[in-house]
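The values are calculated or read from the model by the stated rules, or taken from the named source; none is laboratory data. The structure presented is a predicted model; accordingly, all values stated were derived computationally and were not measured. Ideal geometry is used to build each Cβ from the backbone, glycine not excepted, and the neighbour counts take in all protein chains shown. Calculation scope for accessible area: heavy atoms of the full protein, side chains included, ligands and nucleic acids excluded. Shrake-Rupley method; radii C 1.70, N 1.55, O 1.52, S 1.80 Å.
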Amino acid sequence: MTKSDFHDRVSEALQDDFLRGAVKRATNRLRTGRVNQLKTLVDFQEWRERAQAIRSHTILHLDQYLETFTNKVEENGGNVHWALTAEEAVAHIHRICKDKSAKSVVKSKSMVSEELHLNHHLEKDDIEVVETDLGEYIIQLANQTPSHIIVPAIHHTRESVSDLFSEVAGERLPAETPALTAFARKVLRQKFLDAEVGITGCNFAIAETGSVVLFTNEGNGRMVNSLPDTQIVIMGMERILPSFIELDTMLNLLPRSATGQKITTYVSVLNGPRKQNEADGAKELHVVIVDNGRSRILGSKYQEVLNCIRCGSCLNVCPVYRQIGGHAYGWVYPGPIGAVITPLLDGLEKWGELPYASSLCAACWDACPVKIPLHEKLLELRKDKVKYSGNAAEKMAFGMYARAFSSQTQYALLKKVGRKAQIPWVRDGKIRGGLPAPISEWTKTRDFPALAKKSFHERWRELKRGDN
Amino acid sequence: MSKKVSLFATCVADMFFPQAAESAYRLLRRQGLRVDFPKDQICCGQPSFNSGYVDESAKVAKELLYAFEDTDYVISPSGSCTAMVRDNYPILFKNDPKHLAMAKDFASRLYEFSEFFVKVLGVKNVGAKYKAKVTYHHSCHMSRLLRVKDAPIDLITNIEGIEYIELPENQDCCGFGGTFSVKMADISNAMLNEKIENVMSTGADILVGSDLSCLMNISGGLSRKGYKIETMHVAELLDRGLRG
């Protein structure tokens, strides 16, 4: 079996005790917080069902809501740019920055911008891009990508952050949270004041009013969208809600599911650029709506995954994510949601292993506040993978399984032959190695049970006789 | 109850752990039920289904549908095989109306072992006595897909003499996941190691479960590490407590 890039990344992650310790501690904190906080909702299941209905309805009528949203943004004095691909999105943003002769850009967290490799493209053109979310700032200094949807630096500890910040400071900073945040605040404050352009993501766009809503905890989002003269919002085309009424449900579910908070520290609403009689805010507002593969999911059997509100709770409860962290998944979105949407957005040919990076334990589905059956979508992807690029040896093995396990005669024969064949390897009823692949993968670390001397089928007659 | 109760042993129990199916049989008999074992049964088709091989699964699943066509209740000592029938047969046979109807009918008669005792028979105490420190592994298919979480614990804690210790992090998968355990062997093993640490931290003499495949995985790891802790199906523990 040749090892793939995915397996290489997994091996690397599994050998990194530091990473695994950090991820385990952080996910434990997040998932416990979630469970405790959900108790404050009278009936979580009812909330989930409402949230699922809202998201499914919105995605079903996505074209209509996007049109309303676009018209409203323009009415409010903003500009809307459509991007079918990542390249088109980058081109729009690049052009806006060029028009403003921007030298410096401040950003507040946007996962979509990671899809676009935006920082890289802007930096190539000598535009400084500064991530202002503390976690994003940390990984920018570490020259890494986010490893979690909402806690991008989940794989770091105070000590590793202290190392990174000390290098920027030119002096040794203590590995204490207040000192480290104070340092980041000092550095970033000047960046906010200097930047010509501010770029943010978008938690939700409200169709009825043309508003953009941001959930943040650090206040940096508000600086980014109020201090620079030009404001760019990057949103995935699915991040829309009909009105503020539906936002109420999301506002109750997203922070609880994500970080175990009742509500985030800041909920900012942007209603277009600064009006003539207003004292502050950006003078120009641009909303870049990114497709980048999403419209291919619309109308397919995977449509439900567009309901995702990017809370990250599926990551926190996933036992696979817990062991390997986010980078092993290889692209922007890790964990169960990543294992589903990465192949959908960027191709199953390239990402065919991700749907198998799950034991199908369904913890993700159980945690999802909008009830996406991620375990079922993983199965669908496996079916598609088998259909389009099946592995010949595996196909043959399952063909043999199907024949032997659908005929009593063949099944009985298989057990009989197996019992004889296993003899050289059995010690105390267990097999410790020596079997061919793929069972050898099992016996590397675990004993395999020997076939019972008499199967239940064979025992049945005696059992029955004993009863009568 | 004069209805006809049939045992679905599952292929894993049949081949590797026949004693678990035997215990389940004895416990059902003790409730005064007439229990039979339709001999045409083999496997629910889960291994291939979870790997994306639909046609192969349908072939295996059909045999099971016909094997249990003529019974009132079907009892299985496996949460995951029960969940396979309830949740996945409708997907498997969605373009095959005849077998879809059979599958729906089968699902309405099929119960996991503890679920049947507590929900259908209303029995939480089988009258067993056994002195041991016990912990329990909640298999994912049992607790999340079938939503059967309390029933096995009720049956265990009602055994006279049992000291029950809750398994820490009991919501986490043991890392089995069918072919996941060999396809993603390293991740699977990392998950198993965490599970084993948690099991050993309880100081229990016996690890009980409701899914023999998960137990095969956990016991395989425990025995490789040389840990002396027994693993068994709920039915086996109850049976042991009745046989003295």
Under 5 Å between amide H atoms, partner at least 5 residues away or on a different chain: which partners does A:ILE232 have, H built in plane at 1.01 Å?
A:GLY198, A:ILE199, A:THR200, A:HIS286
Leaving out ligands, DNA and RNA, and with a 1.4 Å probe, what % of the accessible surface on the protein assembly as shown is carbon or sulfur?
51
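Report, in debye and to the nearest 20, how large the dipole of the stretch B:192-244 comes out about its Cα centre when Lys and Arg carry +1 and Asp and Glu carry -1 on their Cβ. Don't skip to the end; give the middle numbers.
On the way: 6 positive and 7 negative charges, 34 e Å.
Dipole size: approximately 160 debye.
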Can you give me the distance in nm between label points at A:LYS464 and B:LYS124, each placed 7 Å from the Cα along the Cα-to-Cβ direction?
3.7
So what J values fall out for the stretch B:114-131 if you push phi through Karplus, 6.51 cos²θ - 1.76 cosθ + 1.60 with θ = phi - 60°, rounded to Hz, Gly and Pro as x?
5, 4, 5, 4, 7, 7, 8, 7, x, 10, 9, 10, 8, x, 8, 10, 6, 9
Suppose every K and R has +1 on its Cβ and every D and E has -1 on its Cβ; what is the size of the dipole of the stretch A:422-465 about the Cα centre, in Debye to the nearest 20?
260
Using r as the Cβ-Cβ distance of A:LYS39 and B:GLU197, and R0 as 25 Å, what FRET efficiency do you calculate, to the nearest 0.05?
0.35
Relative contact order (percent, whole number), chain A, Cα cutoff 8 Å, 6+ residue spacing
19
Relative contact order for the stretch A:422-465: what percent, with Cα pairs under 8 Å and sequence separation of 6 or more?
31
Nearest 10, in degrees from 0 to 90: the angle of helix A:456-467 to the longest Cα principal axis of chain A is 60
J(HN,Hα) series, the stretch A:109-117, from Karplus relation 6.51 cos²θ - 1.76 cosθ + 1.60, nearest Hz, glycine and proline x
2, 9, 5, 4, 5, 5, 4, 8, 6
Placing +1 on the Cβ of each Lys and Arg and -1 on the Cβ of each Asp and Glu in the stretch A:422-465, which of A:PRO436, A:HIS457, A:GLN422 has its Cα farthest towards the positive end of the resulting dipole?
A:HIS457
Treating only Lys and Arg (+1) and Asp and Glu (-1) as charged, each at its beta carbon, one finds that the stretch A:343-468 has a dipole about its Cα centre, in Debye to the nearest 20, of 840
Applying 1/(1 + (r/R0)^6) with R0 = 60 Å to the Cβ-Cβ distance of A:LYS283 and A:ALA437, what FRET efficiency is obtained, to the nearest 0.05?
0.40
For a label point 7 Å from the Cα of A:THR181 along Cα→C-beta, name the residues of the stretch A:249-281 whose backbone N is under 19 Å from it.
A:255-256, A:258-268
At R0 = 51 Å, how high is the FRET efficiency between B:SER108 and A:ARG25 if r is their beta carbon distance? Nearest 0.05 is fine.
0.70
Here the whole-number average of other chain Cβ atoms within 10 Å per Cβ of A:382-391 is 3
Entries in A:LYS454/B:LYS228; A:LYS39/B:LYS149; B:LYS39/B:LYS149; A:LYS385/A:LYS420; A:LYS416/A:LYS464; A:LYS416/B:LYS39 that, when Cα-Cα distance is taken, lie over 27 Å:
B:LYS39/B:LYS149; A:LYS385/A:LYS420
Inter-label distance, nm, simple model (7 Å from Cα along the C-beta direction), B:ASN95/B:LYS133:
5.6
Unmatched cysteines, chain A - criterion: no other Cβ of a Cys under 4.7 angstrom
A:CYS97, A:CYS202, A:CYS308, A:CYS311, A:CYS318, A:CYS368
The stretch A:23-60 versus the stretch B:122-152: alpha-carbon centroid distance in Å:
27
For the stretch A:422-465, what is the Kirkwood hydrodynamic radius in Å, using each pair of distinct C-alpha atoms?
11.8
Work out Dmax and Rg for the stretch A:262-315 from the C-alpha atoms and quote the Rg first, both in angstrom.
17.2, 49
In Å, the Kirkwood hydrodynamic radius of the stretch A:335-468 over pairs of distinct alpha carbons?
18.4
Put +1 on the Cβ of every Lys and Arg and -1 on every Asp and Glu Cβ in the stretch A:1-83; which of A:SER56, A:ALA13, A:HIS81 then has its Cα farthest towards the positive end of the dipole?
A:ALA13
Ellipticity estimate at 222 nm from DSSP helix runs (n ≥ 4, -39,500 (n - 2.57)) divided over chain A, nearest 500
-16000 deg cm²/dmol
Using a 7 Å offset from the Cα along the Cα-to-Cβ direction at both A:ARG403 and B:ARG147, what is the distance between the two label points in nm, to one decimal?
4.3
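Once fully extended, how much extra length lies between A:ASP17 and A:LYS262, figured as 0.36 nm per residue of separation less the alpha-carbon to alpha-carbon distance?
Taking 0.36 nm per residue and subtracting the Cα distance, the gain is 84.9 nm.
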Could you state the per residue volume, in Å³, of the convex hull enclosing the Cα atoms of chain A?
197
Computed over chain A: longest principal axis from alpha-carbon atoms vs helix A:17-38 long axis, angle to nearest 10 degrees, is 80
Beta bridge orientation in the protein assembly as shown: antiparallel %, DSSP, nearest 5:
20
Residues losing 50 Å² or more accessible surface upon assembly, the stretch B:2-48, compared with the chain by itself, 1.4 Å:
B:ASP14, B:MET15, B:PHE16, B:PRO18, B:GLU22, B:TYR25, B:PHE37, B:ILE42
Using packing as a proxy for protection, rank A:324-336, A:297-309, A:264-276 so that the peptide with the highest average count of other Cβ atoms within 10 Å comes first.
A:324-336, A:297-309, A:264-276
Charges on Cβ only, +1 for Lys and Arg, -1 for Asp and Glu, centred on the Cα centroid of the stretch A:41-292; of A:LEU116, A:PHE183, A:ASN252, which one is farthest towards the dipole's positive end?
A:PHE183
Find the accessible area per residue for the stretch B:62-159; the probe is 1.4 Å, ligands and nucleic acids are left out, and the unit is Å².
37
re the stretch B:45-91: pairs of Cα atoms spaced beyond 17 Å account for a percent value of 31
How much accessible area is lost when chains B and A come together, counting both sides, with a 1.4 Å probe, in Å² rounded to the nearest 100?
6200
Can you pull the three principal axis extents for the Cα set of the stretch A:41-292, in Å, largest first?
54, 48, 37
Protection proxy (average C-beta count within 10 Å per residue), highest first, orders A:350-356, A:151-157, A:423-429, A:408-414 as A:151-157, A:350-356, A:408-414, A:423-429
Counting partner chain Cβ atoms within 10 Å of every residue's Cβ in A:456-467, what's the average?
6
Probe 1.4 Å, accessible area per residue of the stretch A:155-272, Å²
39
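State in Å² the accessible area per residue of the stretch A:1-135; use a 1.4 Å probe, count heavy atoms of protein chains only, and round to the nearest integer.
Accessible area per residue: 51 Å².
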